[in-house]
Every structure is written in C-alpha cells, then in structure tokens.
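This report refers to the structure that appears directly beneath it.
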Amino acid sequence: MNNFADKLTVLRRLSGDRLFASFADACAGGSLEKFYFELYDCGAENDFLERLCALILTDDNAFARTCARGDTPSAYLTDAFSSDLGAIFAAAEEFENDEHFNLGNVIPPFDGDMESDRCTDNLSEFYAAHGYGQFITYKAFSYRDGKLAPIAQISPVTLEELKDYRDEKERINENILNFLGGLPYANMLLYGDRGTGKSSTVHAMLNKYCDDGLRLIELSKENILCVPDIRQLIADNPLKFIIFIDDLSLGEYDDKVSSLKAALEGTVSGGCDNIMIVATSNRRHIVKESFSDRENSVHPADSMAEQLSLSDRFGLTVMFSSTDKAQYLSIVTQLADDANIACDRQKLAALAERWALIKGGRSPRRARQFVDFIYAREQRGIDVDF
C-alpha cells in the first residue's frame, strides 16, 4: 500500500514530525501500535484532528510564507496545497471508527471541505495575520549560527507585578502600541541602575502583546553585527519583532558601534517596519570613555560627541532611576499585599531595610527577593526575623 505522505508536495515537511510520520506509515499498512504509541505519548488520543490541524498551521511551507508576506499564491501552489490537505484529512477519516482513539474535530480556520476555495482562503488570511511556522508557536527567540532558535520558556512576568515606575512603563507601552498599530515609533534605550526592572518591563510587554503579533528576538552584544541578517530573516513576516539587546555597553573602538549605529539609522538596504531595537544598559552613554580619551584627542569635543552619538540614535530613551527608601518600602508593601504576607507592616519595613543593608542596596529586585524570602518563611511556619 502506498504511503500518502510520499505524494505530498507543499506539506512534505510534516513527515519530520514523529506523530505524523507514524500516522502516515499506519495508513500505508505499517505498525498501528507505533502510531498509537506516538498518539498517546503526545496526549492526542482525544483530539487527533485538532493536533493535525495545529501541525499544518505551524508548518513552514511555500504557501504559508507567500501568504504571510502579503502575496497571492500562484494557482499551481494553491492547487498543490489544497491537494495535500485533501490527502491528509482523507487518510484521517479512515480511522473514524477506530476504538483506540477519538478523531475529534478540526479547528478554525479549517473548513469542512479541505480542498475547497473557502478553506484555502481562510488559511491564507490566517498566515497573513499570524505569520507561519515557529513564529505561531513561540513568542521569543534567540539568534544562533545564522538562525532563529525558539525559546520555549520565558519569564511569565506581567506589568501588574512590576510595581511603581508608572511613567516609565507608560512611555514604553505607548511606543509599543504605535509599533503594533503601524504608526511612527522609536527604537528604545532603557537605562538605569541594576535591578530596577528594565529587562522585566520588556518581557512583561511581550507577554501582554504576544497575542497582538508581538515577538522578541534576544541578541547578545557579540552578535550585533548580525542585525542585517536578522532583518533579512523576518523581512516578509507580518508579525512585529523586538530585537532585544540586554545589558549593552561597548568600547570606543569596538567595531559593533558603527554596526549598531547603522542598524538604528538604517542603511542603503533600508529598514524594516516590523523591527524595533530595544537595548538596556546601566549607563546612559553606552560607549565607554575615559579621561585619557579626552586628553589624547586633538579635538576632545568632537571625540565626546562621537561617543555620545550612539545613545542619541535611540529615538526614545527611558531612565529607570535608583530606588530611594520610600519607593523601596512602597514596592515591598505592594508585593507583600499581593502575596498576602501576614507580617505586621511596620516590622516588615524594618526587616526590608535590614535586607537592603545586607544585600548592598535598594531596588525593585531586592524588594521582590525579600518578599519571596518572607513568604517562604511564613508558609513553612518559620519566624520571619533574621
């Protein structure tokens, strides 16, 4: 018996999935037991068709990529895609009465007739709105060896969990809304003392707007030279991407300085309206300088201007100022209220100050660590004093 998967054209990569491969093999007279094993192993025994739909939706194929970049697929490509859909779901129907699992139902945007124009139109609209392949499944990526690798687990932090710094968060939020809405936006530099919530704010924005098409690409400062390559990888993607460079600082003669300047200003190849560069730094002026730089320069004012020009290329600069005592204790109190800490608030404030003294300073991060410590002690029935 022929394996229908061998005749697939557009959706041929699906055979790389273990469940799909075992399903296709079983349809061709292969081991049913292996198919059942893969089915149970991934928990798809109650909704096999739903899992099949999800595999197709997240497949990286020519039809999906064409629709995602806003082009109309050729009649040949559309017919081949429709034919693949028909073959896959016709094979699935052979198991309609199988007593080992439940087929379940297809999910939107799939239509009852998989080879109909309505079904392909629905899928075309889906890809145009939501992207394709791994960009549907994951919301964060890292750049490695010329490819975007998905990050399965990211911080679940929300904006509500990040206390105070209201004005700073509102400025960032407004800029991201402009970005998502196709309005003028700016690349952002978030700077300030360590532990003030710069990186957490970016992660919280991603969690808030991922369903609206926001994605994040983590880029190490060692890979700044690769920004043009990343632009090429996602240029045709309808989603919006933050290229996130955390804890950025560069030396005066670092070749990455000119590369980042070009990325922020655009080059002859043009920019992309689906990319925003966001960097965090403990320094307002990213390029490090020393007194010797000024003393040894023929034109010290020009040298200083050159060093400051990188920071100036970020259209929006947001400062996260250091946390004073009142703000620190306010954050502690808010976090303690959220966690239902029973400790008397006056005692809690005294302990929080002691914690800051031991840990070497006040910050939202220190406040979070302190409240977590107190919460754990209360849950275990241990005296919170230390």
query = Can you pull out the residues in segment 1-12 that are over 12 Å from Asn61 (Cβ atoms) and either crowded, with 16+ Cβ neighbours inside 10 Å or touching a Cys at 6+ places or on another chain (Cβ under 7 Å) (or both)?
reply = Asn3, Phe4, Ala5
task = Considering only residues that are loosely packed, with under 15 Cβ neighbours inside 10 Å and among the acidic types (Asp, Glu), look in segment 102-129 and name the one that is farthest from Ser82 (Cα to Cα).
result = Glu125
key: Counted residues, segment 82-95 - those being surrounded by 14 or more Cβ atoms within 10 Å (Cβ to Cβ) and in a loop (DSSP other than H, G, I, E, B)   = 1
remark   = Among Gln153, Gln134, the single one that is without any contact (Cβ under 8 Å) to a residue 12 or more places away in the chain, out of contact with any Gly (no Cβ under 9 Å at 6 or more places or on another chain), of a type outside the set (Gly, Ala, Ser) and surrounded by fewer than 20 Cβ atoms within 10 Å (Cβ to Cβ) is Gln153
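Each row is one residue, and each column tells you yes or no for (1) out of contact with any Phe, Trp or Tyr (no Cβ under 8 Å at 6 or more places or on another chain); (2) aromatic (Phe, Trp, Tyr).
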| residue | (1), (2) |
| --- | --- |
| Ala5 | no, no |
| Leu8 | yes, no |
| Gly16 | yes, no |
| Phe48 | no, yes |
| Asp60 | no, no |
ask   = Can you name the residue in segment 220-243 that is crowded, with 21+ Cβ neighbours inside 10 Å and farther than 14 Å from Phe135 by Cβ and is also farthest from the chain's Cα centre (by Cα) among such residues?
value = Ile224
remark   = Listed by first then second residue, the pairs whose first member lies in segment 67-93 and is touching a residue at least 60 places away in the same chain (Cβ under 8 Å), whose partner is small (Gly, Ala, Ser) and assigned to a helix (DSSP H, G or I), with beta carbons under 7 Å and at least 6 positions apart or on separate chains, are Cys67/Ser124; Cys67/Ala128; Ala68/Ala128; Gly70/Ala128; Leu77/Ala62
message = at positive phi and out of contact with any His (no Cβ under 8 Å at 6 or more places or on another chain): which single residue out of Gly112, Gly86, Gly104 fits that description?
response = Gly104
request  = Kindly list, by first and then second residue, each pair from a residue in segment 229-242 that is within 14 Å of Lys147 (Cβ to Cβ) and in the same structural domain as Met205 (by TED's automatic domain parsing) to a residue that is in a loop (DSSP other than H, G, I, E, B) and hydrophobic (A, V, I, L, M, F, W, C), limited to pairs with Cβ atoms under 8 Å and residues at least 6 apart or on different chains.
outcome  = Ile230/Leu219; Ile234/Cys272
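Taking the options Asp98, Asp71, Asp113, name whichever one is modelled with pLDDT under 90, in a loop (DSSP other than H, G, I, E, B) and more than 20 Å from Arg12 (Cα to Cα).
Numbers: Asp98 fails: modelled with pLDDT under 90; Asp71 fails: modelled with pLDDT under 90.
None of the other options fit; the residue is Asp113.
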request  = Six or more apart or on different chains, Cβ under 7 Å: which pairs go from a residue in segment 39-50 that's small (Gly, Ala, Ser) to one that's surrounded by 12 or more Cβ atoms within 10 Å (Cβ to Cβ)? Could you list them?
outcome  = Ala44/Leu19; Ala44/Arg51
request  = Name every residue in segment 13-31 that is touching a residue at least 40 places away in the same chain (Cβ under 8 Å) and either surrounded by fewer than 16 Cβ atoms within 10 Å (Cβ to Cβ) or under 20 Å from Ile136 (Cα atoms) (or both), in order of residue number.
outcome  = Arg13, Leu14
query = Among the residues of segment 204-212, is any over 18 Å from the mean Cα position of the chain (by Cα), farther than 24 Å from Met319 by Cβ and at pLDDT 85 or above?
reply = no
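The values are calculated or read from the model by the stated rules, or taken from the named source; none is laboratory data. On a predicted model such as this, the values are computed, not experimentally measured, just so you know. Backbone-built Cβ (ideal geometry, glycine too); neighbour counts: all protein chains shown.
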